[in-house]
Each structure stands twice: as C-alpha cells, then as structure tokens.
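Report on the following structure.
Bear in mind these aren't lab numbers, they're just calculated from the coordinates by the rules spelled out. Everything numeric here is computed off the predicted structure, so don't read it as measured data. All Cβ positions, even for glycine, are placed from backbone atoms using ideal geometry, and neighbour counts span all protein chains on display.
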Amino acid sequence: MTDITKETIMPPRSFLSQDAIQVFYRLLAALLICAVLAVLSDSFLSLGNILNVLRQASLTFFIASGLTLVVLTAGLDLSVGANVALSACIAGTVIHKTGSPALGILTGLACGGIVGLLNGVMVTALRIPSFIATYGMLWVLNGLTYWYMAGETLHGFPAGFRQIGSGYLFGLPIPVYLLLVFLGIGTFFAQRTIWGQEIYAIGANPVAARLSGIPVARRLLLVYTVSGIMAGLASIIFLSRLNSAEADIGESLTLPAIAAVLIGGTSLFGGVGTVFGTFIGALILTLVLNGMNLLSVSANWQPLVTGIIVILAVWLDMKTRRRAQ
Amino acid sequence: MKRTLGYLTLPLLMAAAFTTQARADGETIAVFTKNQTNPFFQTVRVGADNMAKTLNAKTLQYIPTKPDSIPEQLSQIEDVVVKKPSAIVFTPVDYKAMVPGVEKINEAKIPVVNITDRSAGGKFLSFVGADDYSLGLETARFLLKTLGGKGNIVIIEGVKGSLTNVDRVRGFNDALKENAGAKLLASQPGNYQRLQALQVMENLMQSNSQIDGVLAANDAMAVGAIEALDGANRKAQVIGINGTKEAIDAIKSGKLLASGDYNGFAQGCLGTMMAIRALRNQPVIAEIVLKPTVITKDNYQPFDVPLEQRTCPTFEDASKLGAK
C-alpha cells in the first residue's frame, strides 16, 4: 500500500475541523471561569497566580497528553498514576545512589516507557481490553512500589535537579516551557503526521484501519509506550518539584488526568479529540481548584464543586457535538 | 575430652530447654493496620514485631493492598477468623464501618486489642492509642507560642470527614481561639497529599501577602507547604503531624518548626504486649492514651534513631505513659 492511497482514505485533518470547534468551546469555558474568578478575587489575574495555574496544570497535562493518544484509539490507561509513583521512586533512588540526575531522569523515563510497553503488549498481543489490562497493571505497580518503599519516603535531591520542577527561566517556570514544548509536539504529532492520523483512524474504526493497511498493533504499542514515557516525565517533574517521592502519590494523579482528557473533548469511544483540548481540560481543573483556594471556599465544598464542573463539561461537550452533527 | 564435652553439653541442653519453652510460648498475633503507604503504620508494625520477638511470639501482618479499603479489611477479618490466630491487634480502617468486622472477631472468641483509632463498637481487651484532638491542640499551641500568640495562620486539612482530620483540625482551631491575636486566613484541603498541599499553599500565597504560620494535618503536607514557601522565597513557621523521618530531618535543618507525634512505635509495642499478656493470664491495662509529643529542635534526638534500633517500653513504662 502506498502513501498516496492513505492520503485518499484519510486526508490530513484540517485544524478548522470539528475538533477545532470543540476546542473553541472549551477555550470559551476556560475564559468564562477566568472572568468569573477575576471578578471575585483581586489576586486571580496577578502574573504570579497565572504562572501558578500554568505550572500546576503542567503536571496533569504531561500525564494526560500521553493518555489522550491512548483514548484516541478508544483505549484507556488506568495505570498512569501508579506508573508515575513507581518511576518517581526508582528514579529518586538512582539519583540518591549515583548522585547523577541525568541517570535518574533516564531511568525514570525508561521505567515509565517499559510499563507503557507492557500495557501495549497486553492490549495487542494478549488482546486484553485496555481497561482491564491497565487496571491489572495499576495493582502490579502499586504492589511493587509499596514493597520497594516499605512505608519510607525518599527526599532531598541536588539543587540543579530541583531546577527542572521549581526553577525559572526568563521569569517563566521551567515546567511551563516543557508544557509548551510537549503541547507543540503532541499537537503536531496527532494532527500533522501519518502516524497521528493513523491513530485517529484506529480509534474511529479499527476494522477499516486494519483493512486500509495500518499496522494497528504497532501503532497501539507506540501509543501505550508514549503514555508510559509521559508518566515517566511527570515522575521526574514531580520529584524535582516536591523534592521527594513516596509510594502513594499515584492515586491522586490518575483521575485528574483522565478528567482532563475527557473535559478536553476527547471521546472515550475513540477517534475524536485533540491534545490541545486536553491542555484546556487540565487548565480548567486547575483553575477551579485555584479559584476555590483564592476564595477560601470551605474544604467541604471543594470535591463537590470539582465533581459538578467535570460533569457539566462533559455534558456540554456531548450537547455541542450533537448539535454540530 | 569427655569432661570437656560434658561441660559443653550442659549449656547446650539448657539452651535447648529454653528454646523449647520459647516455642511453647509461640502465640501468633494478627496485626491489622490501615495501609502500606503511611509511614506511621510502618512504625506501628515494627513496634508490634519488636514486642512479639521479645515475648517469643510471632506476628502476622494484615494490610489492605488498597489503602484504607473497608471491603478489603472486612475480607481479611473473614480470613483471620478461619485461621484463628491466638489474638488480634486491630486498627480499623474506618472507626464506624468496621464495627461489624469487630463483632465477627468477637463471635469467633478471638481476643482483640484496639490500637490507634478507637473503634465505635465491639468488645476489646484493651485500647492503646492517642487522641488526635490533643495532637492538633498541642502542636498548634506550640506554633502560636513561637509566634508570640499572634499572626496570620493557614490550616491545610487532610481528607475531609476522616476521623484523624476532624479531630486534628478541631484541635488546631481551639488553639487558635485561645490566642486573640491569631487570625485564621484559610482552612483548605490537601487530602494528606504533598502535591496538593504544595499547590494549595502556592494559591494561598497569591491572595495573602503575609502568612506567619502553617498548620498541616500531616508531615507530607507540611513538607509540601515548605516547598511552596521556598519556591516563592517566603518564610513562615510550619508544623506537621506524625513525626516521620522526613519531618525529623526538616526539623534538624530548621525548615520545619515541629511535628506532633503519638508514637506509633509504642502503640504497636503496647498493643501487642497487652494481647500477649492477656493470653498468658497476666494483668492488662484497659486503656492507654499516650500523651502527644511535640517534636522540636530541642527534643528530636530520640526520634532520630532508626526504627529497628528503638526499644519497646516495658509494662511499668506503659502505666506511666498514659494508662487510665
């Protein structure tokens, strides 16, 4: 099969497609939340707070960006948070033992990638539904991490390494640069490369994708591995930002990442969505929590408000999507 | 030659006799804790193992694989009732929800000691714990004393609705009420997670230009708040709770003002001791409520010892430590 036939089957997705309309709605929602918060709180629009929100959203985004590709293929990766925890604990140990941040970073990324690859193998070679395979993996990773850490915490990392998560460059936090870079790479990969287009095609209709000559299994392996590597990256940011790692960090990371993907308009049924949408999704989640902190909303109400925002966002998404069709 | 052998055999025989007797002791104590993630329960488990070893008994650890899972602890109880250990040392993952589980243990007539979180029901030989309220109260009092009874204070709460959080935060608030000069700026949730606490602190620093003190409901959140303060080049006195190794290091380096501790190690030791004493028909203390220790740069040394090297309190110590 030549590339020419692929082009005819799948013309490159124009950014002004239906996805673009969905992203526009989301951007509008994020701006609306910003406007409300700007009225209610004097400190919301300060430069410091805006940088805060971007930096806080970046960690969720790193995890969610890789996850977006998985969801685009109509899969799900429930093990991302647990992967972050294991990768962080192992990378942290390597830095402690060798004193080399570079070695630690490589180990963290490799650990994340290997876990992702194993997920991919379970989904493709063993044909286990991704939901089950990655749920199983979540337990395996938790077990390994709890056993490995034995209730201890790792803390204290070299100052240079700490810069990755906590440092600034020309007045902008370094995670924000990484956010922009990966947002760019992710968007380019999904919208502008053949592999990206094939991933959309697999999600939209796996049978048609296979018949049109797309190596479905290999693309799925790629997608789960990338999701794992992004979890590995998140683990490095986590380590350097918090200066510590413990076994139970994963639990609080998985669901916000999944929520960011869904709020961002990527359909659980596959084939629809954008990495940029996921960025907005992560931003909306962060804005809501940031706003409630600034306004001193009672601790009782915070989970409730977050839950309502998630439900509202997904409902609005379905509504606008139906209208667009 | 024969004589030397004789001299050698005598102590050997005595040792053999001693070990047989030890084996006759050999009770099995099932120790239930809430999770594998909170370092506090690690100290409880090491304490229980330490005491069991001293008394020639052994422990079986029961820990939910999913932290604080109610259904999982319930099924572990069902397993243990079948296995019939000599006694149980029990921390409920939820003080109310686990009552039916405790009743199952009671029905099976397995002696059980309650430690750490006081169960809302069921029959126990003894309770060994500390109360979270006084832990919150004493740590907050120490913070306010350091600040001269005044200042802008932020509370970072744990998981809303959990017993530990409700009581600790109530203690924090009561200490604040004792000091007219103290002003509570915000009480926000960090869910016992360091990342969430760091983000909450970053956000709060935006709307509050002056924060003098931070009361965090556990050490992980306290350390998260310190990272946020450092990142913004701001200073505040921070306290945590649990006396983790990380907190001790932070106290040593002057980053953390204090951490409240209710001695999980001693709870593990004494809970196991009471269970074994009851099995051997020795008197037990019905209730031991350990007084909280506020660990500061002046008294951290005993907490800076690796867990494996700590020694359990004796029965005589137990009555001094807080018997009721």
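General remarks:
- With a Förster radius of 30 Å applied to the C-beta separation of B:Lys235 and B:Gln301, the computed FRET efficiency comes to 0.70.
- Whole-number Å³ per residue for the convex hull built on Cα positions in region B:40-101: 88 Å³
- Look at the alpha carbon pairs under 8 Å that are at least 6 residues apart: their mean separation over the length of region B:175-324 gives a relative contact order of 18 percent.
- Sequence of B:Met201, A:Met137 once ranked by neighbouring C-beta atoms within 10 Å, starting from the fewest: A:Met137, B:Met201
- Inverse of mean 1/r across different Cα pairs in region B:249-324, Kirkwood, Å: 13.9 Å
- Cα centroid of region B:130-192 to Cα centroid of region A:71-112, whole Å: 36 Å
- Amide H contacts of A:Thr266 (H built 1.01 Å from N, under 5 Å, at least 5 apart or other chain): A:Thr274
- Helices in chain A that qualify as membrane-span-like (whole DSSP H runs, Cα extent of at least 20 Å along the helix axis, mean Kyte-Doolittle hydropathy of -0.5 or higher) are A:18-40, A:47-72, A:80-98, A:101-124, A:130-149, A:174-192, A:216-242, A:275-294, A:302-324.
- Remark: spin-label model distance A:Thr306-B:Lys160 equals 1.0 nm, labels positioned 7 Å along the Cα→Cβ axis.
- Largest first, the extents of the alpha carbon coordinates of region B:156-231 on the three principal axes equal 31, 29, 17 Å.
- Convex hull per residue volume in Å³, alpha carbons only, for region A:138-178: 97 Å³
- Translational D in µm²/s for region A:92-204 (Stokes-Einstein at 4 °C, 1.567 mPa s, Kirkwood Rh from C-alpha pairs): 75 µm²/s
- Distribution of pairwise C-alpha distances over region B:118-200, 10 Å bins, in %: 17, 42, 29, 10, 2
- Among A:Ile280, A:Ile202, A:Ile128, the largest mean-square fluctuation in a Gaussian network model of chain A, built with springs joining Cα atoms closer than 10 Å, belongs to A:Ile128.
- Descending Cα extents along the principal axes, region B:33-190, whole Å: 57, 33, 26
- The label-point distance for A:Ala125 and A:Leu45, in a model that sets each label 7 Å from Cα toward Cβ, rounds to 5.7 nm.
- Choice from B:Asn50, B:Asn299, B:Asn114 showing the highest fluctuation, given a GNM over chain B with Cα pairs closer than 10 Å: B:Asn299
- Chain B, relative contact order [Cα under 8 Å, separation at least 6], %: 19 percent
- Residues A:Val310, A:Val305, sorted so that the one with the fewest Cβ neighbours within 10 Å comes first: A:Val305, A:Val310
- Taking one quarter of the surface of the convex hull spanned by the alpha-carbon atoms of the protein assembly as shown gives a direction-averaged projected area of 36.1 nm².
- Relative contact order of chain A, defined on C-alpha pairs under 8 angstrom at six or more residues apart (%): 34 percent
- Most mobile listed residue (B:Val44, B:Val166, B:Val238) in chain B, GNM with C-alpha springs under 10 Å: B:Val166
- Listed from fewest to most Cβ neighbours within 10 Å, the set B:Asp298, B:Asp167, B:Asp304 follows the order B:Asp298, B:Asp304, B:Asp167.
- Region A:57-135 - Rg over Rh from alpha carbon coordinates, Kirkwood radius: 1.04
- Volume per residue that the Cα convex hull of region A:245-325 spans, once the total is divided by residue count, Å³: 123 Å³
- Rounded D (µm²/s) - chain B, Kirkwood Rh over Cα pairs, Stokes-Einstein at 37 °C, 0.692 mPa s: 156 µm²/s
- Approximate spin-label separation A:Leu180-A:Tyr148, in nm, with each point projected 7 Å along Cα-to-Cβ: 3.4 nm
- Counting every alpha-carbon pair across region A:157-227, the share separated by more than 17 Å comes to 57%.
- By the compact-protein rule of thumb, 2.2 N^0.38 Å, the alpha-carbon radius of gyration of region A:138-275 corresponds to a ratio of 1.26.
- Relative intensity, log₁₀ I(q)/I(0), of region B:66-133 from a Debye sum that treats every alpha carbon as a point, q = 0.12, 0.16, 0.25 Å⁻¹: -0.27, -0.48, -1.16
- Extension reserve of the B:Lys83-B:Lys123 stretch, reckoned as 0.36 nm per residue once the Cα distance is removed: 12.4 nm
- Summarising the overall dimensions of region B:154-286 from its C-alpha atoms, the Rg and Dmax are 17.6, 62 angstrom.
- With a threshold of 31 Å on the Cα-Cα distance, the over-threshold entries among B:Lys34/B:Lys252; B:Lys34/B:Lys235; B:Lys104/B:Lys320 are B:Lys34/B:Lys235; B:Lys104/B:Lys320.
- Peptide B:191-198 shows a mean partner chain C-beta count of 5 within 10 Å per residue C-beta.
- Kirkwood estimate for chain A, i.e. one over the average of 1/r between Cα atoms, Å: 20.2 Å
- Under 5 Å between amide hydrogens, built in the peptide plane, is the criterion, and for B:Leu60 it picks out B:Ile29, B:Ala30, B:Val31 among residues at least 5 positions away or on other chains.
- Paramagnetic label reach from A:Arg210 (point 7 Å along Cα→Cβ; backbone nitrogen cut-off under 13 Å): within region A:105-130, residues A:124-128.
- Largest to smallest principal axis extent of the C-alpha atoms in region A:235-285, angstrom: 37, 17, 17
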